[in-house]
Every structure is written in C-alpha cells, then in structure tokens.
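The values are calculated or read from the model by the stated rules, or taken from the named source; none is laboratory data. Not measured: the values here are computed from a predicted model. Virtual Cβ from ideal backbone geometry, glycine too; neighbours counted across all protein chains shown. These accessible areas exclude ligands, DNA and RNA; they are computed on the full protein's heavy atoms, side chains included. Shrake-Rupley method; radii C 1.70, N 1.55, O 1.52, S 1.80 Å.
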Amino acid sequence: MLEIYNSLTRKSQPFSPLDAKNVRLYVCGMTVYDYCHIGHARVLVVFDVIYRYLTHIYGADHVTYIRNITDIDDKIIARANERGLNITELTEEFITAMNEDARALGVLSPNQEPRATAHMPQIIEMIQALVNKEYAYQAENGDVYYAVAKFEAYGQLSGRQLEDLRAGARVAVDEAKRDPLDFVLWKSAKPDEPHWDSPWGKGRPGWHIECSAMSTHCLGNHFDIHGGGMDLKFPHHENEIAQSCGATGEAFANVWMHNGFVQIDNEKMAKSLGNFFTIREVLERYDPEVLRYFILSSHYRGPLNYSNVHLDNSKNALTTLYTALRGIEIDESLLAPSEYSSRFFAAMDNDFATSEAQAILFELAHEINKLKIDQAMMAARYATELKSLAKLLGLLQRDAEDFLQAGQSGELSADEIEQKIAQRNQARADKDFALSDRIRKELQDAGVVLEDGAGSTSWRRE
RNA sequence: GGCUGGGUGGCAGAAUGGCUAUGCACCGGAUUGCAAAUCCGUGUACCUCGGUUCGACUCCGGGCCCAGCCUCCA
C-alpha cells in the first residue's frame, strides 16, 4: 500500500486516488528564462519516478501527469529585454533546452505541458470568478489583487497565521493593496510590455494564477497530487489553494508533495548566491545516468548535497550494477518477481524511498554475480528482474557495455582500444608479459581498464 | 521572532523498540602470469541531557547545532 507524506497534513498517509482509473498529478515546472540547473533536474527526476511508480501501480493509461511551463513573468520580460528578443523567442529557446536536458536524464514526457500564455481565457475566467465572489478586487492602479483575509483557510499549507505573516512581512507596503498580504492576480501592462486584453484592461497574469487555472483546466477542480520544490510551498502553493478553492468552492489537491533542495557545501544552491550548476555543465563531465542515480540516492524530501566526490561515488555504484548485468541476455519471459521485488516495492511504497530501493538493486546484483558462475539461467532470471525494477527508477536501461564504455570525445576510440587489446593478447600468447603489461599501463593511463576473462578481454572506461 | 525539515560509522545514506542496511572508500583472504572484476571476511555509528521500558539509535520531554521558508526561486 503506497503511503505518501502530505505537506498539507504533515504526515504520511495511505494514498487513495479519487479515481483509480485516472490518477491525477500536477507538478509546477519551470519558468523558462534560463538553462535548468541541478535543482530543476531534481524536480524533473523525482516526479518522473513518482509518475513511473504510480503508473506501475495503477496502469499505464490510468495516470495523468501534468507539468506546466510558466512562459510569462517579470523575469522573462526583463531577460528578453536584456537580450533584445521578444518573449516568445526567449522562452522557445529555453523550452527547447529544457526538453533536451529532460530527455538526457531519461525523464518521461508528461501527458501535457501546458503553457501560461496558451491559457489566458482560463486564467481570466478564474480571476473573474474570484472577483465575482469578492475574493478579489481591482485596485486604483488597475491591478487585480486577491484579498487574502477573505479566505479563511489561508495559511493551512505553510502552517502560518495571517498575524505572523503581517508581523514578519518584509514586503514593501504597496499602497494599492488593501492588505500587505494581498497578492496580484492581474498586473496592468506598462507601455511596451507584453499584454493580453481582459475585463480589467490590458495586462498579464500574476505569478500564481496560471498554475491554478491550468491545473483546474487539465485535471478538474479536485485532483490527487500537486507537487513542486520546497520553496514553492509558500507563497506559491498557499496562493494556489486560495485561488482555486476560492474560485471553484471545491477542494483542490488532496496531497501536496515538496522535494528538498540541492545544496552545495550545505548551503542552498541558488542563482542569487551564485553557486549553481546547470544540468548541461554537469553533463559535460558526467554521464546523465550518473546524475540521475545521484539524485535518487537520497530521499526526495531531504537535502541533496552536490559535489564531484558524490557524483564519482554514484558513477562507481552504477558501474557495479552494470557490471553485474554485463554479458547476460535479458529475457522478459524469464521474469519471475522474487523476494527482492517485494522488498523493492515495499521501499517505494514508503513515500518513495528511492535510496532504500537502490540498496535492493545491489543485493540483486550481488546475487547475479554469484549465480553467473555456474547457473546462467538463474542469473539471467535475476538480471531480468534487476532491470525491470531499475526501470521504475529510470536506471539501468542501457546495454551494459554501452554504459561501461561510454566515453568523451578526444579519448581513444573503441577501435583503437580493440587494436591495443589484440596486440596485448598476442603478447600474452607469446608470454611477453613485459609488453603485455606496458600496453595495459598505456591504456590505463588513457582511462581504460582491461579485464581478462575466460578466453576474451573486455574493457571499460573509468 | 514565527513556521518547516533534519542531526547515524571515513564519506553518502536507510530501516528498526531487543538481531546484518546498502553503496563508495579502507583492510585481510580467495582468484589472476600481473591486474581488473567478482567472491568470502574484518573494522569503524547512531548530537546532548533526562524520562518511559526487562531493554532505545529507534518512543516522550528539555537543550544544543544545521538547513530552508516568511521577498523572486525547483
């Protein structure tokens, strides 16, 4: 039985979907004005695994996963201006880049990736509903604000009281607002800013409304899971609840999930601190699967401390797993879930304990290595099981040799390596071990490790 | 100040009221022409102070420390 930690109730609860034939998941995706960093990689990978696992439980056609794209906001406008582009040129560029990054990381496509700019009618409709119900008002300056005090449950997600928020408010008081906590739903356009027509004049949506409008539009008023990074809990998600519940009068998401931050030297990785890495920078040095493995090596709610040492560690771990699979013919017809599968599922059922699930993969690899010696059939059976479990994490789906021998440009080519190996094996046949060892050393210096097996020599890159 | 999480062996990272996590690294052995891989094996822990208990790393309470949010942010 799957249990999920719900940020709303602050405890783990058995998950039961509103409709098991259509489990609905919405995740706040990216605001597209720059390349994705490792923090974004974490959201992508974590929710990809959640999506995979829900699909495993409820069936491929019974999960709807929506990950939105915010393609209009202040930062986008500012960045487009800096670069002399219109906002569409800018956002298209980074949406393409994001999709490349996601694909490299083995992230499955969500069922839909709705964009804010393509949902203006839904956004305006929701704001109108809020105005009609007097949850929102248009101020003197033309902006439309949400009147936070009107929504009784405000603060339930983040565990805050309105009074505490007011006391701690560091927001410069905006004269147009009735209450400093009110937030903007519709911003009237300044000259030269991108804008859309609305009942409140030309303008653009505020930051939070697009997610309320798109999730409702794609999944209905009331759905199962809403996720995103920790930092979105307040104010973004708190405001979404206020907007959606206010507008529809119905419950919104049942379960709220928030993934923890990526840190560097135990400090939050953030653009403002200048200590972030983009996904593509990391992929220049590491195989994308290594990054994926690393992300899944800690629980999604905890912090994830990034460092090269940790990625090296992940690479070694993945090498161990692929080595076990090496040379074994995967045969789906052999698949017979064993005790390892039950333990793997038990781990995943426990709020997606991926690091624990990974541990099971190693035990399977261990088992395979032992069986490999004289029970090929059993080894193949477990290897098939290993691969099928790992698939739920989006790992180990490549051919083992492909992973182990994957290299960077500028290194020795596979052909060159094979030639050296042939020379060395000739030397070995001639008992010229001095030459043989020289060739081994030469390859080793080039980052290639040789492994002499029975009758043949295999190799991998370090 | 308010609100969230968290403090486990050299590093990373889980579970659990009494018994082995797991990975990487390290050490010893097997194996190898030499290696690598693999197998076998050893070692290193549970922030602190109280309490509950026959027994707590695991439950409860106080303290200390760390990170995050309260302002754009995955």
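Numbers at a glance
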| read-out | value |
| --- | --- |
| Residue check for A:Glu356: closer than 17 Å to A:Ser388 by Cβ and open to solvent by 20 Å² or more (accessible area, probe 1.4 Å) | no |
| Evaluation of A:Ala347 against (1) among the aliphatic types (A, V, I, L, M); (2) surrounded by 22 or more Cβ atoms within 10 Å (Cβ to Cβ); (3) under 21 Å from A:Val49 (Cβ atoms) (one fails), failing number | (2) |
| Those helices (runs of 4 or more DSSP H) lying entirely in segment A:348-462 with at least 3 residues farther than 20 Å from A:Tyr322 by Cα and in contact (Cβ under 8 Å) with a residue 24 or more places away in the chain | A:414-429 |
| Failed condition for A:Trp459, given (1) open to solvent by 90 Å² or more (accessible area, probe 1.4 Å); (2) under 37 Å from the mean Cα position of the chain (by Cα) | (1) |
| So A:Phe223, is it buried (at least 24 other Cβ atoms within 10 Å of the Cβ) and assigned by TED's automatic domain parsing to the domain that holds A:Arg24 | yes |
| Close pairs (9 angstrom Cβ cut-off, 6 or more residues apart or separate chains): more than 17 Å from A:Asp48 (Cβ to Cβ) and within 9 Å of RNA strand B (Cβ to nearest atom) in segment A:255-269, of a type in the set (D, E, K, R) and at pLDDT 85 or above anywhere | A:Phe261/A:Arg42; A:Phe261/A:Asp231; A:Lys268/A:Asp231 |
| Filtered residues of segment A:1-36 (kept if open to solvent by 30 Å² or more (accessible area, probe 1.4 Å), more than 20 Å from A:Met214 (Cα to Cα) and part of a strand (DSSP E or B)) | A:Glu3, A:Tyr5, A:Lys11, A:Ser12, A:Gln13, A:Pro14 |
| Boolean, A:Tyr145 is open to solvent by less than 20 Å² (accessible area, probe 1.4 Å) and either of a type in the set (Lys, Arg) or under 34 Å from the mean Cα position of the chain (by Cα) (or both) | yes |
| Segment A:92-113: number of residues that are touching a Pro at 6+ places or on another chain (Cβ under 6 Å) and more than 18 Å from A:Glu281 (Cα to Cα) | 0 |
| Count of segment A:414-449 residues which are open to solvent by less than 50 Å² (accessible area, probe 1.4 Å) and more than 16 Å from RNA strand B (Cβ to nearest atom) | 1 |
| Residue satisfying all of: in segment A:176-229; in contact (Cβ under 8 Å) with a residue 60 or more places away in the chain and aliphatic (A, V, I, L, M); nearest to RNA strand B (Cβ to nearest atom) among these | A:Ile209 |
| Subset of segment A:223-246 [assigned to a strand (DSSP E or B) and under 17 Å from A:Ala213 (Cβ atoms)] | A:Phe223, A:His226, A:Gly228 |
| Residue within segment A:322-332 that is closer than 30 Å to A:Trp256 by Cβ, near RNA strand B (Cβ under 9 Å from one of its atoms) and either free of Cβ contacts under 8 Å to residues at least 12 places away in the same chain or part of a helix (DSSP H, G or I) (or both) present | no |
| Checklist (1) under 23 Å from A:Leu296 (Cβ atoms); (2) among the hydrophobic types (A, V, I, L, M, F, W, C); (3) within 13 Å of RNA strand B (Cβ to nearest atom) applied to A:Val23, failing item | (3) |
| Selection count where residues are buried (at least 19 other Cβ atoms within 10 Å of the Cβ), more than 26 Å from A:Ile123 (Cα to Cα), touching a strand residue (DSSP E or B) at 6+ places or on another chain (Cβ under 8 Å) and of a type in the set (Ser, Thr, Tyr), scope segment A:37-75 | 1 |
| Residue in segment A:247-264 that is open to solvent by less than 30 Å² (accessible area, probe 1.4 Å), part of a helix (DSSP H, G or I) and either more than 18 Å from A:Tyr35 (Cα to Cα) or at pLDDT below 95 (or both) present | yes |
| Whichever residue in segment A:267-300 is outside any helix (DSSP H, G or I) and within 14 Å of A:Gln358 (Cα to Cα) and, among such residues, is least open to solvent (accessible area, probe 1.4 Å) | A:Tyr300 |
| Residue in segment A:33-48 that is without any contact (Cβ under 8 Å) to a residue 60 or more places away in the chain and either within 18 Å of A:Phe94 (Cα to Cα) or among the aromatic types (Phe, Trp, Tyr) (or both) present | no |
| Residue satisfying condition, being within 9 Å of RNA strand B (Cβ to nearest atom) and touching a His at 6+ places or on another chain (Cβ under 7 Å), within set A:Ala353, A:Ala359 | A:Ala353 |
